[in-house]
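Colleague: Dropping a structure here in structure tokens format, bear with me for questions.
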Amino acid sequence: MSLPNTKIDRRSILTKGLTKTQHFDRERRVGDWRILDPKHSKLGAALMKGCQQFGITEGCSVLYLGASHGYTPSYVSDMVGAKGTVYCVEFAPQVARDLVFLCEDRENMIPVVADANQPDTYSDLITGVDVLFQDVSQRNQVEIFLKNLTLYVKPRGFGMLAVKARSIDVLKKPQDIFKEIRKEFESSDDFVIVDYRELQPFEKDHAFFVVKKK
């Protein structure tokens with residue numbers, strides 16, 4: 001599955017910039033194309049590891065949990081284009097302030113200052129979305145993902161989860177944690193796993209799950 005407005009090869013990932021403003025010091029450009037650094041983006045790392053099943057299409061809606069300063073969400077903004085929407089959920093007020101400034105420049109990005117662990121609190125802003133992306137460093141990150149997937153993702157929509165093993169349990173081996181999550185997902189009647197990648201060397205002790213809702 002090819003991502004819209006995106007070029008990918010073994011060396012780089014480029015998205016066609018929706019705006020010309022540069023908001024991040026680490027950002028590099030080649031003409032109108034922005035280079036996504038896989039060492040600073042779980043999505044970028046997953047793409048460099050060969051992940052292909054995403055569900056992101058031009059004009060689609062994305063719920064992004066753990067938007068932080070907006071680095072990776074800005075590239076998702078490029079992918080979905082001007083007719084798409086990226087709902088960016090971030091809980092930390094200081095970080096969210098930077099996110100709001102970014103969203104002012106990108107009209108298809110909507111900042112949501114809220115706790116992803118309480119998805120009901122933003123139900124007045126978001127209805128059904130095509131894609132859920134989660135990058136949240138919390139012990140119950142899988143629970144958060146499943147709650148938001150159930151509540152917001154449309155039938156046949158996609159969910160992408162960047163798992164941080166050390167945030168779940170520092171004593172267990174990351175591969176054991178990944179196996180447990182995979183087993184839990186495989187037992188679900190609500191969705192199926194369509195892709196899975198471990199993200200080293202870009203991200204240590206991280207894995208990336210992609211599921212498709214039934």
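The values are calculated or read from the model by the stated rules, or taken from the named source; none is laboratory data. Please read all numbers here as calculations on a predicted model, not as lab measurements. In this analysis, Cβ positions are derived from the backbone assuming ideal geometry, glycine residues included, and neighbour counts consider all displayed protein chains.
Colleague: Spot the failing condition for ASP135; the list is (1) under 20 Å from GLY44 (Cβ atoms); (2) within 18 Å of the chain's Cα centre (by Cα); (3) surrounded by fewer than 14 Cβ atoms within 10 Å (Cβ to Cβ), and only one is missed.
Modeller: So the condition that ASP135 fails would be (3).
Colleague: Something else about it: Listed residues LYS213, LYS147; which is in contact (Cβ under 8 Å) with a residue 60 or more places away in the chain, touching a Pro at 6+ places or on another chain (Cβ under 8 Å) and surrounded by fewer than 21 Cβ atoms within 10 Å (Cβ to Cβ)?
Modeller: Working: LYS147 fails: in contact (Cβ under 8 Å) with a residue 60 or more places away in the chain.
LYS213 is the lone residue from the list that is in contact (Cβ under 8 Å) with a residue 60 or more places away in the chain, touching a Pro at 6+ places or on another chain (Cβ under 8 Å) and surrounded by fewer than 21 Cβ atoms within 10 Å (Cβ to Cβ).
Colleague: For region 70-108, which positions are closer than 17 Å to LEU43 by Cα and of a type in the set (A, V, I, L, M, F, W, C)?
Modeller: Listed by number, the residues that qualify are VAL76, MET79, VAL80, VAL86, CYS88, VAL89.
Colleague: Ok, one more. Output yes when any residue across region 117-129 is buried (at least 21 other Cβ atoms within 10 Å of the Cβ), touching a strand residue (DSSP E or B) at 6+ places or on another chain (Cβ under 7 Å) and over 13 Å from TYR64 (Cβ atoms), and no when none is. If you could, list the steps in order and put the result at the bottom.
Modeller: Keep residues of region 117-129 that are buried (at least 21 other Cβ atoms within 10 Å of the Cβ), which gives 129.
Narrowing the set further to residues that are touching a strand residue (DSSP E or B) at 6+ places or on another chain (Cβ under 7 Å) leaves 129.
Those still in the list that are over 13 Å from TYR64 (Cβ atoms) too: none.
Within region 117-129, none of the residues are buried (at least 21 other Cβ atoms within 10 Å of the Cβ), touching a strand residue (DSSP E or B) at 6+ places or on another chain (Cβ under 7 Å) and over 13 Å from TYR64 (Cβ atoms).
Colleague: Please state which of the following conditions LYS164 fails to meet, knowing it meets all the rest: (1) at pLDDT below 95; (2) under 19 Å from LEU47 (Cα atoms).
Modeller: Looking at each condition in turn, LYS164 falls short on (1).
Colleague: Of all the residues that make up region 20-36, how many are within 11 Å of TYR71 (Cα to Cα) and modelled with pLDDT of 95 or more?
Modeller: Qualifying residue count for the region: 1.
Colleague: Would you list the helices (runs of 4 or more DSSP H) that sit entirely within region 17-110 and hold 1 or more residues that are farther than 22 Å from VAL142 by Cα, free of Cβ contacts under 8 Å to residues at least 60 places away in the same chain and of a type outside the set (Asp, Glu)?
Modeller: It comes to 71-80, 93-105.
Colleague: Check region 107-115 and report whether any residue there is surrounded by 19 or more Cβ atoms within 10 Å (Cβ to Cβ), farther than 25 Å from PHE209 by Cβ, hydrophobic (A, V, I, L, M, F, W, C) and more than 12 Å from the chain's Cα centre (by Cα).
Modeller: no
Colleague: For region 122-214, give me every one of the helices (runs of 4 or more DSSP H) that falls completely inside it and has 1 or more residues that are of a type in the set (Phe, Trp, Tyr) and out of contact with any Ser or Thr (no Cβ under 9 Å at 6 or more places or on another chain).
Modeller: By residue number, 141-152, 174-186.
Colleague: If you don't mind, there's one more thing I want to ask. List every residue pair whose Cβ atoms sit under 7 Å apart, with the two residues 6 or more apart in sequence or on different chains, where the first one lies in region 113-141 and is among the hydroxyl-bearing types (Ser, Thr, Tyr) and at pLDDT below 95 and the second, anywhere, is surrounded by 14 or more Cβ atoms within 10 Å (Cβ to Cβ) and in a strand (DSSP E or B).
Modeller: Pairs that qualify, where the first residue is among the hydroxyl-bearing types (Ser, Thr, Tyr) and at pLDDT below 95 and the partner is surrounded by 14 or more Cβ atoms within 10 Å (Cβ to Cβ) and in a strand (DSSP E or B), are SER137/LYS164.
Colleague: When you go through GLY17, GLY55 one by one, which is the residue that is surrounded by 15 or more Cβ atoms within 10 Å (Cβ to Cβ) and either of a type in the set (Asp, Glu) or modelled with pLDDT of 95 or more (or both)?
Modeller: Testing whether each residue is surrounded by 15 or more Cβ atoms within 10 Å (Cβ to Cβ) and either of a type in the set (Asp, Glu) or modelled with pLDDT of 95 or more (or both) leaves just GLY17.
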